[in-house]
1. Rounded to the nearest 5, what % of the DSSP beta bridges within the chain are antiparallel ones?
2. Pick out which of Gln39, Gln281, Gln97 has the largest mean-square fluctuation in a Gaussian network model of the chain, springs linking Cα atoms closer than 10 Å.
3. Going by Cα centres, the range 143-211 and the range 114-142 are how many Å apart?
4. Take the Cα pairs of the range 92-203, get the Kirkwood Rh, then feed it into Stokes-Einstein at 4 °C and 1.567 mPa s and tell me D in µm²/s.
5. Note down the relative contact order for the range 316-370 as a percent, whole number, built from C-alpha pairs under 8 angstrom at least six residues apart.
6. At a threshold of 8 angstrom on Cα-Cα distance, excluding pairs fewer than six apart, so keeping six or more, what relative contact order does the range 108-164 reach in percent?
7. Give me the one-decimal nm value for the distance between modelled label points at Asp72 and Glu199, 7 Å along each residue's Cα-to-Cβ direction.
8. I'd like to check one number: the per residue accessible area of the chain, probe 1.4 Å, reported in Å² as a whole number.
Amino acid sequence: MIRFLSSLLSLIFFAFSGLPAIIAESKTVREVNIQQQIQRINDLSALYKSGEYVPVNESEVVGFDVQKAYADGVKFNEVAYIATHNSYQLQSVPSYQKVYRDLENVTFGLINGDAPTYCSDTLTEQFNVGIRSIELDVETVVDGDDVSFICTHSPLIDMTSSCYDFELALEEIRMWSDANPGHLPISIIVEPKEFFLLENGMRFINLKYANVLDNLIRNAFGEKLITPAEMMGEHGSLKEMREADDWMPLKDCAGRVIVFFHDTDGVTGRFIKQDETIRSQAMFPMLRYKDRDKSYASVLIVNNPDDVEKRSAELIYEKNLIVRTRVDTYGSYNEEDRRKTLGSGAQILSTDYPKKADMTNVDYYVSFDGASAKIIK
């Protein structure tokens, strides 16, 4: 029903929006974005190999003494991070922006006309300023027996992306991590998208493709990847691990990556059922509040600021869960939601207003008093 209503609204939306012009312009810009990504990867690779690269001062950019936190035995679940939402997104094409401006006018401001102007820094730029938690939306592309993934918000109409090729995005993350040993762990939320307008070769995510994605991530990061099996150690389940308050020490997560598989209708459950211990999977499934006591529960999505404030004591301090919440949405933020989320103890606080590489024209951004991370326990 939700997919049907979404599709119906989208069809109505594009009935008077000049869809062909948007598609044509989007395809042109996509090719530019792809070449820019390839060039950036080549340039970064050359820089890291040159011997001239100076690693980031981790304590300086995240806001606390990282080495002391490692020495003091701070655990993985005891640090909160400012995270970026749609971490790949670039401004939408002008024709798409025009549609939103027109819709803002005809709906008397009900639709945010500025939404398509959202633009994130590159992944490397985000890491350089202290961001240690990102979100990558993926679409599945099938070509014969080959299955691959792209990072984009919506096929055909909103494809602008700084890391369109998902495998190259993982390579960019891996290269930065290798060049900055000892950094706080980077968490990646991978969210499969299911937009109804698909290009040739695109498919909705299913269990087979989810497993391809899982294996791709394992191969991309190798021993750098923190897996569910490693996190739970000798415990019989993730629930048993967290009930013993036995999350891995932060020092054992240093210089590494952890991947969370965003809850996706019809797929997450089957992904879990293959092995409910989650020992054989590379990604940690993200669940909803109703599943907080499942044996495989370790990371929850609680996006509503009121809910995360109300439930933080139970979820974070009693059940020792990792909680992801949303601080804002682009074009809509307020101090009350900011206060609720930043003070909740939630470990992943996704915002559309992070610190930027260039702060020249930034009037507002989300932080812990200027810092991108905070010890919460």
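1. Values: 17 of 43 bridges.
Of all bridge pairs located within the chain, approximately 40 percent are antiparallel.
2. Judging by the Gaussian network model, the answer is Gln39.
3. 11 Å
4. On the way: Rh = 16.0 Å.
It diffuses with D of about 81 µm²/s by this estimate.
5. Working: 57 pairs, mean separation 18.2, N = 55.
So the answer I get is 33 percent.
6. Values: 36 pairs, mean separation 12.0, N = 57.
Relative contact order comes out at 21 percent.
7. Distance between label points: 4.8 nm.
8. On the way: 16290 Å² over 377 residues.
Per residue, the chain has an accessible area of 43 Å².
The values are calculated or read from the model by the stated rules, or taken from the named source; none is laboratory data. What you see is a predicted model, and the numbers here were worked out from it, not measured in a lab. Note that each Cβ is placed from the backbone with ideal geometry, even for glycine, and that neighbours are counted across all protein chains shown. Note: accessible area is taken over every heavy atom of the protein model, side chains too, but ligands, DNA and RNA are not part of it. Shrake-Rupley method; radii C 1.70, N 1.55, O 1.52, S 1.80 Å.
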